[in-house]
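Dropping the structure in here first, questions after.
The values are calculated or read from the model by the stated rules, or taken from the named source; none is laboratory data. What you see is a predicted model; the values in this text were computed from it and never measured. Cβ placement follows ideal geometry from the backbone for every residue including glycine, while neighbour counts extend to all protein chains displayed.
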């Protein structure tokens with residue numbers, strides 16, 4: 001196989017829709033939402049030292065679905081776990097709240113307790129090409145191995161010509177090459193471009209927490225690719241039941257039978273109003289991938305416990321991990337460098353189990369905030385294949401709901 005030539009190092013390849021793709025809101029805390037916990041300086045997974053995130057975003061075409069041509073609403077998000085050129089393994093564990101989804105490479109994580117190489121997120125039908133591209137990218141950047149198991153996770157981008165498989169190897173390369181520390185672009189970017197979350201436009205979101213254990217401060221960060229459905233609540237306020245006039249709708253006849261019965265025509269003046277009873281069978285559909293990273297010294301069995309707490313954060317938001325949802329979680333620790341490559345007995349540090357509770361709480365809180373950030377960062381509206389129109393969560397209206405229920409004073 002010919003090694004692909006990487007395209008220019010850019011975080012976005014936006015070919016249509018222009019300013020309509022810009023985030024419509026500030027992040028949750030900037031709106032005054034009082035999430036629990038203290039975030040790091042960027043309130044992002046990149047607050048964990050050494051971690052970098054990059055995106056390639058593909059947006060092209062409008063109108064009727066033409067398989068293989070578009071419209072295209074997809075991309076790749078890359079999470080690089082060590083500074084570039086450092087191929088040291090990290091300890092890791094995974095947990096599936098509901099397994100209607102795919103994450104490659106997890107068998108060896110479960111068996112060995114280590115994760116090697118970057119993590120990539122994309123659409124369901126692009127997992128294979130992104131996995132293969134990750135192998136060639138690592139070789140081209142100096143990693144030596146006999147074999148490797150790239151970690152690629154997916155959610156289904158229903159706004160995209162998914163069967164057209166528009167993600168190519170060079171797009172995965174570009175996301176990896178673009179990975180950087182600092183603030184993380186959120187919303188309809190990278191792997192999250194074509195995603196829908198809790199009935200609103202979803203995508204990529206992130207958050208972090210500073211945690212003190214035994215007098216030492218650690219950082220825990222979360223990144224989500226949000227595409228799941230639920231009865232949306234924020235800080236316990238029933239947001240989904242209060243904002244009912246922004247239901248998904250369509251401007252064109254549907255060519256995909258599985259979604260046709262779920263779409264109402266858009267009116268000239270407003271979107272269709274939600275009917276909670278009518279939508280109940282659909283609310284549990286969709287998926288979410290959540291990556292939790294920390295610099296706290298945790299061993300794989302403890303990271304498994306961290307991964308299990310992600311579902312509690314989603315539960316606070318109204319998810320019940322429905323049968324049609326792929327809720328896939330991965331937790332990792334960048335501590336104990338060199339442990340994965342040791343040819344002699346490794347000396348490890350480990351937070352005692354009696355000290356792990358603050359990290360459990362940080363995982364729950366950061367997951368909740370990352371999902372809200374993903375929805376707030378999405379555009380006010382995105383129109384995908386066959387004219388399907390998905391509306392973003394309006395920040396001012398979210399604040400109104402939270403004030404109504406006494407969550408913001």
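Yes or no: residue 87 assigned to a loop (DSSP other than H, G, I, E, B), closer than 25 Å to residue 147 by Cβ, in contact (Cβ under 8 Å) with a residue 40 or more places away in the chain and out of contact with any helix residue (DSSP H, G or I) (no Cβ under 6 Å at 6 or more places or on another chain)? Even if it seems obvious, please write down each step before you answer.
Details: assigned to a loop (DSSP other than H, G, I, E, B): yes; closer than 25 Å to residue 147 by Cβ: yes; in contact (Cβ under 8 Å) with a residue 40 or more places away in the chain: yes; out of contact with any helix residue (DSSP H, G or I) (no Cβ under 6 Å at 6 or more places or on another chain): yes.
Taking the combined requirement at face value, the residue satisfies it.
Of all the residues that make up region 187-238, how many are more than 17 Å from residue 120 (Cβ to Cβ) and in a loop (DSSP other than H, G, I, E, B)?
Counting residues in region 187-238 that are more than 17 Å from residue 120 (Cβ to Cβ) and in a loop (DSSP other than H, G, I, E, B) gives 14.
Which residues, taken from region 361-393, are over 28 Å from residue 221 (Cβ atoms) and either part of a loop (DSSP other than H, G, I, E, B) or in contact with a helix residue (DSSP H, G or I) (Cβ under 6 Å, 6 or more places away or on another chain) (or both)?
384, the sole residue that qualifies.
So, of the residues in region 1-20 that are part of a loop (DSSP other than H, G, I, E, B) and either modelled with pLDDT of 95 or more or crowded, with 16+ Cβ neighbours inside 10 Å (or both), which turns out to be farthest from the chain's Cα centre (by Cα)? Don't jump to the end; show me each part of the working.
Of the residues in region 1-20, the ones part of a loop (DSSP other than H, G, I, E, B) are 1-12, 15-17.
Subsequent filtering for residues that are either modelled with pLDDT of 95 or more or crowded, with 16+ Cβ neighbours inside 10 Å (or both) retains 4, 6, 11-12, 17.
On the way: 4: 26, 6: 24, 11: 16, 12: 17, 17: 23 Å.
Checked region 1-20; the qualifying residue farthest from the chain's Cα centre (by Cα) is 4.
Looking at 290, 310, can you tell me which residue is in a strand (DSSP E or B) and crowded, with 24+ Cβ neighbours inside 10 Å? Show your work before the answer.
Details: 310 fails: in a strand (DSSP E or B).
Testing whether each residue is in a strand (DSSP E or B) and crowded, with 24+ Cβ neighbours inside 10 Å leaves just 290.
Report yes if some residue within region 100-116 is within 30 Å of residue 301 (Cα to Cα), out of contact with any strand residue (DSSP E or B) (no Cβ under 7 Å at 6 or more places or on another chain) and buried (at least 22 other Cβ atoms within 10 Å of the Cβ); otherwise report no.
Yes, that holds for at least one residue.
Of all residues in region 394-409 being on the phi < 0 side of the Ramachandran plot and not in a helix (DSSP H, G or I), which is surrounded by the fewest Cβ atoms within 10 Å (Cβ to Cβ)? Before you say what the answer is, go through the steps one by one.
Here is the first cut: in region 394-409, the residues on the phi < 0 side of the Ramachandran plot are 394-405, 407-409.
Retained after the next criterion (residues that are not in a helix (DSSP H, G or I)): 394, 405, 407-409.
On the way: 394: 17, 405: 16, 407: 16, 408: 17, 409: 7.
This residue is 409.
Out of the residues in region 21-40 that are touching a helix residue (DSSP H, G or I) at 6+ places or on another chain (Cβ under 6 Å) and modelled with pLDDT of 95 or more, which is nearest to residue 362 (Cα to Cα)?
Residues of region 21-40 touching a helix residue (DSSP H, G or I) at 6+ places or on another chain (Cβ under 6 Å): 23, 25, 27-28, 31, 35-37, 40.
Filter once more, keeping what is modelled with pLDDT of 95 or more: 27-28, 31, 35-37, 40.
Values: 27: 18, 28: 17, 31: 21, 35: 11, 36: 9, 37: 7, 40: 12 Å.
Among those residues, the one meeting the criterion is 37.
Considering only region 121-136, how many residues are crowded, with 18+ Cβ neighbours inside 10 Å and either touching a residue at least 60 places away in the same chain (Cβ under 8 Å) or part of a loop (DSSP other than H, G, I, E, B) (or both)?
Summing the residues that are crowded, with 18+ Cβ neighbours inside 10 Å and either touching a residue at least 60 places away in the same chain (Cβ under 8 Å) or part of a loop (DSSP other than H, G, I, E, B) (or both) in region 121-136 gives 4.
Are there any pairs with C-beta distances below 9 angstrom linking a residue in region 285-301 that is at positive phi and touching a residue at least 60 places away in the same chain (Cβ under 8 Å) to a residue that is in a strand (DSSP E or B) and buried (at least 24 other Cβ atoms within 10 Å of the Cβ), with the two at least 6 apart or on different chains, and if so which?
Between residues of region 285-301 that are at positive phi and touching a residue at least 60 places away in the same chain (Cβ under 8 Å) and residues that are in a strand (DSSP E or B) and buried (at least 24 other Cβ atoms within 10 Å of the Cβ), the close pairs are 286/155; 286/196; 286/197; 286/226; 286/227; 286/228; 286/325; 286/326.
Of all residues in region 90-109, count the ones that are part of a loop (DSSP other than H, G, I, E, B) and either without any contact (Cβ under 8 Å) to a residue 12 or more places away in the chain or under 16 Å from residue 120 (Cα atoms) (or both). Lay out the reasoning, then the answer.
To start, the set of residues in region 90-109 that are part of a loop (DSSP other than H, G, I, E, B) comprises 100-102, 104-105.
Keeping just the survivors that are either without any contact (Cβ under 8 Å) to a residue 12 or more places away in the chain or under 16 Å from residue 120 (Cα atoms) (or both) gives 101-102, 104-105.
So the answer is 4.
Out of region 222-241, which residues are over 28 Å from residue 409 (Cα atoms) and in contact with a helix residue (DSSP H, G or I) (Cβ under 7 Å, 6 or more places away or on another chain)? Explain how you work it out, then say what you get.
Filtering region 222-241 down to residues over 28 Å from residue 409 (Cα atoms) leaves 223-229.
Correct list: 223, 224, 225, 226, 229.
Quick one: which residue in 385, 401, 371 is at pLDDT 95 or above, under 16 Å from residue 245 (Cα atoms) and touching a strand residue (DSSP E or B) at 6+ places or on another chain (Cβ under 9 Å)? Steps first, answer last, please.
Working: 385 fails: under 16 Å from residue 245 (Cα atoms); 371 fails: under 16 Å from residue 245 (Cα atoms).
Testing whether each residue is at pLDDT 95 or above, under 16 Å from residue 245 (Cα atoms) and touching a strand residue (DSSP E or B) at 6+ places or on another chain (Cβ under 9 Å) leaves just 401.
Inspect all residues belonging to region 42-62 and state whether any of them is at pLDDT 95 or above, farther than 30 Å from residue 257 by Cα, over 17 Å from the mean Cα position of the chain (by Cα) and not in a loop (DSSP other than H, G, I, E, B).
Scanning region 42-62 turns up no residue that is at pLDDT 95 or above, farther than 30 Å from residue 257 by Cα, over 17 Å from the mean Cα position of the chain (by Cα) and not in a loop (DSSP other than H, G, I, E, B).
State all residues of region 328-347 that are touching a helix residue (DSSP H, G or I) at 6+ places or on another chain (Cβ under 7 Å) and at pLDDT 95 or above; if no residue qualifies, say none. Can you show your working first?
Keep residues of region 328-347 that are touching a helix residue (DSSP H, G or I) at 6+ places or on another chain (Cβ under 7 Å), which gives 329-333, 346.
Matches in region 328-347: 329, 330, 331, 332, 333.
Something else now. What number of residues within region 366-391 satisfy the criterion of being surrounded by fewer than 24 Cβ atoms within 10 Å (Cβ to Cβ) and within 17 Å of the chain's Cα centre (by Cα)?
1
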